[in-house]
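Below is one structure, written out as structure tokens; comments come after it.
The values are calculated or read from the model by the stated rules, or taken from the named source; none is laboratory data. Every value quoted in this text rests on a predicted model; they were computed, and no experiment measured them.
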Amino acid sequence: MKKLFCLFLLFVSVFSMAQESASYKLPPKEIADLLLAKPTPMVSIDHLGEWMLVMERESYPTVEELGQQISNFLWRKLVGGRLLCH
């Protein structure tokens, strides 16, 4: 049983290392254009049907914006944790 388990671990490790050599690939141009396109506006109509509001939405955040949000969050957690301990 131990031999079978060791063989299984060896088999899994060989295939997991094969995935490490995969490089980053860009999606096809059509898919990238869809993701980068400006979002369509939202429409809201009041309950009487007299007024219509057309609202523009923000597109997806960039990688830089997401990274900044995460680093700000982690910084507040780190500093906040240290301040609470003293």
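Residues of region 1-28 being at pLDDT 70 or above, of a type in the set (D, E, K, R) and within 23 Å of the chain's Cα centre (by Cα), which ones? Quick ask: steps written out before the conclusion?
Going residue by residue through region 1-28, those that are at pLDDT 70 or above are 1-11, 23-28.
Still in the list and also of a type in the set (D, E, K, R): 2-3, 25.
Within region 1-28, 25 is the sole residue that qualifies.
Of the conditions (1) in a helix (DSSP H, G or I); (2) modelled with pLDDT of 75 or more, residue 43 satisfies every one except a single condition; which number is it? Every listed condition holds for residue 43 apart from (1). For region 57-67, the condition of being polar (S, T, N, Q), at pLDDT below 85 and outside any helix (DSSP H, G or I) holds for at least one residue.
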